[in-house]
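Have a look at the structure below, then the notes.
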Amino acid sequence: MRIALGIEYNGSHYHGWQAQKNSQLPTIQGALQSALSRIANEPIQLLCAGRTDAGVHATGQVVHFDTNVKRHADAWIWGTNSYLPSDIVVRWAKSVDYGFHARFSALARRYRYIIYNNPIRPALLSSRVTWNYYALDVENMQHAAPYFLGEQDFSSFRSSECSSKSPMRNVMELSITREKDFVIIEIEANAFLHHMVRNIVGVLMRIGAGWEKPEWAKDVLAARSRKAAAETASSHGLYLMNVKYPIPYQFPLFAEVILE
């Protein structure tokens, strides 16, 4: 059987998604595989839609695994959750055919980035948002957003560790809104380069702070060089919200505002 799961997690205390060989560092994949293996009574190996970095959170990560045992969906959800730490949870489970792949079947991924825009740093939300004490002009940030839309070369927004063969990505949506002291950036694309979202946010924050004009975003894209962009924004404000798939792989989508 091939099983797909929807996963939510707080990545604050983990060294990213991917389990590392010969390492004792806690990872999301490691915790999930350990719990699922206890339910299946056999080793479970997970594949995910998007490997998140250390400190990145998720409400809609999608994973899949193959198993030789049959379990009711409730066992994969409630049973697995009973063995997971409180900051990781399985939200849904569905049996899928062998044509489904959590990563390669995905049509789009949606991320949310949350900035706490206040002169005083947050305490309770310190690991769940990025703090920026400069007064951000959301209107200027919105004027820069259209430059990122469409299929184009995002070389200026990929990390030096990015292993993707192509820098071409198709950004379908990018919105910036303010809710009191929170600036919320939503971005959806067919796929993302390593650190692409955080590097786009870095550019938008410089524009919002008034250090650069909105048109600077166009110049950064045209440069096709990481040196032309801003510093990488923190991982703490980043959330993998949803992964979209073609029919018949229609899974629950979660888009609630996290900090309401």
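The values are calculated or read from the model by the stated rules, or taken from the named source; none is laboratory data. Keep in mind it's a predicted model, so treat the numbers as computed, not measured. Cβ placement follows ideal geometry from the backbone for every residue including glycine, while neighbour counts extend to all protein chains displayed. The accessibility values were calculated without ligands, DNA or RNA, using every heavy atom of the protein model including side chains. Shrake-Rupley method; radii C 1.70, N 1.55, O 1.52, S 1.80 Å.
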Item checked: All positions within the stretch 83-104 that are open to solvent by 20 Å² or more (accessible area, probe 1.4 Å), small (Gly, Ala, Ser) and touching a residue at least 40 places away in the same chain (Cβ under 8 Å) -> 95
Check: In the stretch 13-34, which residues are assigned to a helix (DSSP H, G or I) and either surrounded by fewer than 20 Cβ atoms within 10 Å (Cβ to Cβ) or among the polar types (S, T, N, Q) (or both)?
Finding: 13, 29, 30, 31, 33, 34
Margin query: For a quick check of your reading of the model, give me the residue pairs whose first member lies in the stretch 38-57 and is buried (at least 17 other Cβ atoms within 10 Å of the Cβ), whose second is of a type in the set (D, E, K, R) and in a loop (DSSP other than H, G, I, E, B), with beta-carbon atoms closer than 6 Å and at least 6 apart or on different chains.
Written below: 49/103
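Considering the stretch 1-12 alone, what residues qualify as being of a type outside the set (S, T, N, Q) and either surrounded by 17 or more Cβ atoms within 10 Å (Cβ to Cβ) or at pLDDT 95 or above (or both)? Spell out the reasoning first.
Step one: list which residues in the stretch 1-12 are of a type outside the set (S, T, N, Q), which gives 1-9, 11.
Across the stretch 1-12, the qualifying residues are 2, 3, 4, 5, 6, 7, 8, 9, 11.
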Check: Just one of 29, 18 is in contact with a Lys or Arg (Cβ under 7 Å, 6 or more places away or on another chain) and of a type outside the set (Lys, Arg); which is it?
Finding: 18
Checklist line | Segments classed as strands (runs of 3 or more DSSP E), wholly inside the stretch 39-142, with at least 3 members that are of a type outside the set (S, T, N, Q) and more than 25 Å from residue 170 (Cα to Cα) | finding: 88-96
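Yes/no matrix, rows are residues, columns are (1) out of contact with any helix residue (DSSP H, G or I) (no Cβ under 6 Å at 6 or more places or on another chain); (2) more than 18 Å from residue 254 (Cβ to Cβ); (3) aliphatic (A, V, I, L, M):
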{"position": "74", "(1), (2), (3)": "yes, yes, no"}
{"position": "98", "(1), (2), (3)": "yes, yes, no"}
{"position": "113", "(1), (2), (3)": "no, no, no"}
{"position": "120", "(1), (2), (3)": "yes, yes, yes"}
{"position": "133", "(1), (2), (3)": "yes, yes, no"}
{"position": "139", "(1), (2), (3)": "yes, yes, no"}
{"position": "143", "(1), (2), (3)": "yes, yes, no"}
{"position": "147", "(1), (2), (3)": "no, yes, no"}
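Within the stretch 66-81, restricting attention to residues that are out of contact with any strand residue (DSSP E or B) (no Cβ under 6 Å at 6 or more places or on another chain) and touching a residue at least 24 places away in the same chain (Cβ under 8 Å), which residue is nearest to residue 191 (Cα to Cα)?
Among those residues, the one meeting the criterion is 67.
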Check: Residues 164, 159: which one is assigned to a loop (DSSP other than H, G, I, E, B) and under 16 Å from the mean Cα position of the chain (by Cα)?
Finding: 159
Item checked: Residues within the stretch 198-219 that are open to solvent by 10 Å² or more (accessible area, probe 1.4 Å), part of a helix (DSSP H, G or I) and touching a residue at least 12 places away in the same chain (Cβ under 8 Å), tallied -> 5
Note to self: Exactly one condition in (1) under 20 Å from residue 51 (Cβ atoms); (2) modelled with pLDDT of 95 or more; (3) within 19 Å of the chain's Cα centre (by Cα) is false for residue 129; which is it?
What the structure shows: (1)
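Yes/no matrix, rows are residues, columns are (1) of a type in the set (Phe, Trp, Tyr); (2) more than 21 Å from residue 234 (Cα to Cα); (3) modelled with pLDDT under 95:
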residue	(1), (2), (3)
125	no, no, yes
150	no, yes, no
159	no, no, yes
197	no, no, no
207	no, no, no
Margin query: Return the residues of the stretch 153-184 that are of a type in the set (S, T, N, Q) and open to solvent by 40 Å² or more (accessible area, probe 1.4 Å); say none if nothing qualifies.
Written below: 160, 163, 166, 170, 177
